[in-house]
Structures are given as structure tokens and as C-alpha cells.
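Colleague: Submitted below is the structure of interest, expressed as C-alpha cells.
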Amino acid sequence: MDEESTAVNEAEVTDTSTTESAPVESANQSEQSDAEQPEVIDDGEYASGDDVPKDSEEEESTDSDDEQSEDEEEPQSKGEKRKDQLNTEIRDLVAQRNTLKQQVEQLNSQAYQVPSEQELQDQINPDTGEYYTALEAKLSRMEQQQQLREYTEQVTEAQMTVSSEAQRALQDFPIFDSQSKEYDPEIAAQADAILQQNLVVDQNTGQIIGSRISPYQLYKSYDVARKASQRKAQIQGQKSVEKMMAASAPTTGGRGAERTFSKMSLQEKADYLRKKGQDV
């Protein structure tokens, strides 16, 4: 019994010493950890000699990079602005073309309906003189659909060309623009009438499908003729004015002078008499 009691007491002593040493080690580790942290001054600055945390250094570096990138940004050059403008115009033109194509396609599909395969099989094939077979009907329908798509594309392009040329003519030749101060309604009406006579129209849909003349060249020719006429009229007017001035100028010699002597001024009368050899 004494030996067993002694063994138990030794075990208790060993457990107690182990338990007591754990807080001591934990306290030592805490003190060591606190010692490793840099000292912070009131304003958030670190004491001299202490290392600045890496997080702070990264934030300062990021802010510096942002400021530098903002400084390096420069306003767009004229070339870049023109490029953006062209891209916008192209997008607008594409959108306008797509809208026009949808309208043309709708009108064409109503006026030129492609028959179904079954409807074709009830018709005579002009190439064979017999009713369409199932295969012939299928191929014929596909061919007609393709032709209708191509026709729609042609009509769309034709209308876009006529419209764009007319718009460009209004910008280059203000005499046709009703909103311009230079607008000439008489000449504009004449040019419009000629253009209407030369437009090609699909009688089944009422759509413009082409033009026999270029709208831009038509308007340009009228503008050139008008300017030439104005120059000619100006020259003719100047000649007429010069002629009138010459006719109205008083003569200073000859028989005409004698008839108009009474209407001469004193200086003209003096000059006239001197030429006659009289001392005035």
C-alpha cells in the first residue's frame, strides 16, 4: 500500500507541474508577440525604427498608381474624335438600311407571294409541259424565294442611293434646301420635276427601284447653271450701267457742246471756251 500511495502522489505532482507550466508558456508567447508589433503614435504614424505594415505600403502604392494613370490620360485628338464620329455615322446608316430593308421585304412579300410546293404541283411546269413533280416543285419554290431576296436587296440599295444623293445635294447646294436662306423655290421645283420623271417605280408595290439619272448630278448641274447665269447677268448689268453713265455724261466739245452749253457748269463752260481759244 505504501508503494502504491507513493506512486499516486508522484503522478499528481507531475500533472500539477504540467498544468501550471502551460499558462506560463502562453504568457511568454503573448509577451513575445506584443514585442514584435511596432509601436503606434497617436496620429496613426509608426515610431521610427519600426517596420511599416505591408498592407499600408500596398495601399499607398495603389493610390500612387491611380494618380499616375489619371495624369497620363489625355483628351481625344481630332483624329480620334473623327473616328468616333464616323463609327456613329456607320452605325446609324446600318440601322437605317435594316429598317428600310424590312419595309421593302414586307411590301415585296405581299405583292410577290411565292406559291407553296403543293400549289406548284397543281400547276404545269413550262419546262416540261407537265405538272410539277414533288422535287421540281421544291426546287422551283427555293429558286423563287432566292430571286425575291435578291430583288429585295436591289430595291433597298437603290432607295438608299437615291436618298443619300438627295441628302448630300441639299447640303452642298442650299438653293434646294427649303430651310436655307439661299433657297430658290422655282429652281428647286424644276429640278424635282425632272427627278420624278426619271425615277423607276415598281407598279405592283409603288416603290422606287432605281433612277435613270443621278440625283446629285442633276442638282449640281442646276446649281452650276444658276451661278453661271448670275455671273453673266452681273457682267451684263455692269456693262449696262457703264453705258448709261457714258450716255449721261456731259460733252465738252463738238456741235453737241454748243447745244448743251447752257446746261454746263461754270467749270465746264470755262474749259469749253479755252478750247475755243478764248481767254477766260
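Bear in mind these aren't lab numbers, they're just calculated from the coordinates by the rules spelled out. Owing to the predicted nature of the structure, the values given are computational and were not obtained by experimental measurement. Note that each Cβ is placed from the backbone with ideal geometry, even for glycine, and that neighbours are counted across all protein chains shown.
Colleague: Say a paramagnetic label sat at a point 7 Å from the Cα of S229, along Cα to Cβ; which residues of segment 144-184 have their backbone N under 17 Å from it?
Modeller: 173-177, 182-184
Colleague: Please give, to one decimal in nm, the separation of the simple spin-label points placed at L139 and Q103, each 7 Å out from Cα toward the Cβ.
Modeller: 3.9 nm
Colleague: Just order 188-200, 154-166 by mean Cβ neighbour count inside 10 Å, highest at the front, would you?
Modeller: Descending packing order for the listed peptides: 154-166, 188-200.
Colleague: Taking the highest mean first, how do the peptides 105-111, 87-93 order by number of other beta carbon atoms within 10 angstrom per residue?
Modeller: Packing order, densest peptide first, comes out as 105-111, 87-93.
Colleague: Report the extension gain between Q96 and A189 in nm, rounded to one decimal, defined as 0.36 nm multiplied by the number of residues separating them, less their alpha carbon distance.
Modeller: That pair, Q96 and A189, stretches by 30.8 nm at full extension.
Colleague: Can you figure out the FRET efficiency of Q113 with L199, using R₀ = 22 Å and their beta-carbon distance, to the nearest 0.05?
Modeller: Between Q113 and L199 the formula returns 0.30.
Colleague: What does the charge add up to near Q102, with Lys and Arg as +1, Asp and Glu as -1, over the other residues with Cβ less than 15 Å from its Cβ?
Modeller: Net local charge, Q102 excluded: 0.
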